[in-house]
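Asks: Before we start, here is the structure in question, set down as structure tokens.
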Amino acid sequence: MGKAKNKGDNEERAVVNLHREWGLDCERTLERGVRMDGSPTWDIDLHLKDKTLRGECKCRESIGDWIWDHLGDSDFLTLRKNRKARLYVVPEHVWKGLIDGQA
């Protein structure tokens, strides 16, 4: 197994374990790429009261310090590329606050 795969697997486990420490039902999906029916896969499932959130985990040396620079002390940062869906970047403490009422 390569270093990058180990790093990704470790990050997925860390995210799942953190959510479990918070008392949430979270698991790694363990599938890679595309399912037999052609549908995509993702890294983790976070099971809340009324829904399951699908998550991707990325751990990179170079993400871009500008994200943290622009986020600053804010609760979230939005990012949008032309003709793409808006993304919300949320610090972990804010994320926990948002999902606390959903367990």
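The values are calculated or read from the model by the stated rules, or taken from the named source; none is laboratory data. These figures come from a predicted structure and were not determined experimentally. Virtual Cβ from ideal backbone geometry, glycine too; neighbours counted across all protein chains shown. Only protein heavy atoms, including side chains, enter the accessible area calculation; ligands, DNA and RNA are left aside. Shrake-Rupley method; radii C 1.70, N 1.55, O 1.52, S 1.80 Å.
Asks: Hey, with R₀ at 22 Å, roughly what FRET efficiency would Arg13 and Asp69 work out to, going by the Cβ-Cβ distance, to 0.05?
Replies: In this case the efficiency is close to 0.15.
Asks: Near the amide H of Leu48, under 5 Å away, which other amide H atoms are found, from residues 5 or more places off or on another chain, if H is placed in the peptide plane?
Replies: Leu53
Asks: Taking trypsin sites (Lys or Arg not before Pro) as exposed when DSSP calls them loop (any state but H, G, I, E, B) and at most 12 other Cβ atoms lie within 10 Å, what is the longest stretch of the chain free of them, the sites themselves excluded?
Replies: 1-31
Asks: I've got another one for you. What size of dipole, in debye to the nearest 20, comes out for the chain about its Cα centre when the only charges are +1 on Lys and Arg C-beta atoms and -1 on Asp and Glu C-beta atoms?
Replies: It works out to roughly 520 debye.
Asks: Take the chain, mark every one of the chymotrypsin sites (Phe, Trp or Tyr not before Pro) that falls in a DSSP loop and has at most 13 other Cβ within 10 Å, then report the longest stretch left between them, sites excluded.
Replies: With chymotrypsin sites (Phe, Trp or Tyr not before Pro) excluded where exposed in loops, the chain gives 43-75 as its longest stretch.
Asks: Rounded to the nearest 0.05, what FRET efficiency is calculated for Arg28 and Ala4 with R0 set to 22 Å and r the Cβ-Cβ distance?
Replies: After rounding to 0.05, the efficiency reads 0.85.
Asks: Also, I was wondering about something else. Within straight cross-link reach of Lys49, meaning Cα distance under 13 Å, which aspartates and glutamates are found once same-chain residues fewer than 8 apart are removed?
Replies: Asp25, Asp100
Asks: Using DSSP to define loop residues, name the GluC sites (Glu not before Pro) in segment 2-103 whose beta-carbon has at most 13 other beta-carbon atoms within 10 Å.
Replies: Glu31, Glu56, Glu61
Asks: Another one. Quick one: what are the phi-derived ³J(HN,Hα) couplings along segment 17-24, Karplus 6.51/-1.76/1.60 with θ = phi - 60°, whole Hz, x for glycine and proline?
Replies: Couplings: 4, 4, 5, 5, 4, 7, x, 9 Hz.
Asks: Is it possible to state the helix-based mean residue ellipticity at 222 nm for the chain, with each DSSP H run of 4+ residues giving -39500 (n - 2.57), the sum divided by total residues, to the nearest 500 deg cm²/dmol? What is it?
Replies: -10000 deg cm²/dmol
Asks: Further, regarding this structure: Over segment 43-103, what relative contact order in percent results from Cα pairs under 8 Å that are six or more residues apart?
Replies: Computed value for segment 43-103: 27 percent relative contact order.
Asks: On to the next question. Would you list which lysines come within 27 Å of Lys5, measuring only between C-alpha atoms, while excluding same-chain residues fewer than 8 positions from it?
Replies: Lys58, Lys96
Asks: Can I ask one more? Where the accessible area of segment 42-103 is counted over protein heavy atoms with a 1.4 Å probe, how much of it, in %, is carbon and sulfur?
Replies: 48 percent
Asks: Rounded, prolate or oblate: which fits the chain, taking a ≥ b ≥ c as square roots of the Cα gyration tensor eigenvalues, rounded meaning a/c under 1.5, else prolate when a/b beats b/c?
Replies: The shape class here is rounded.
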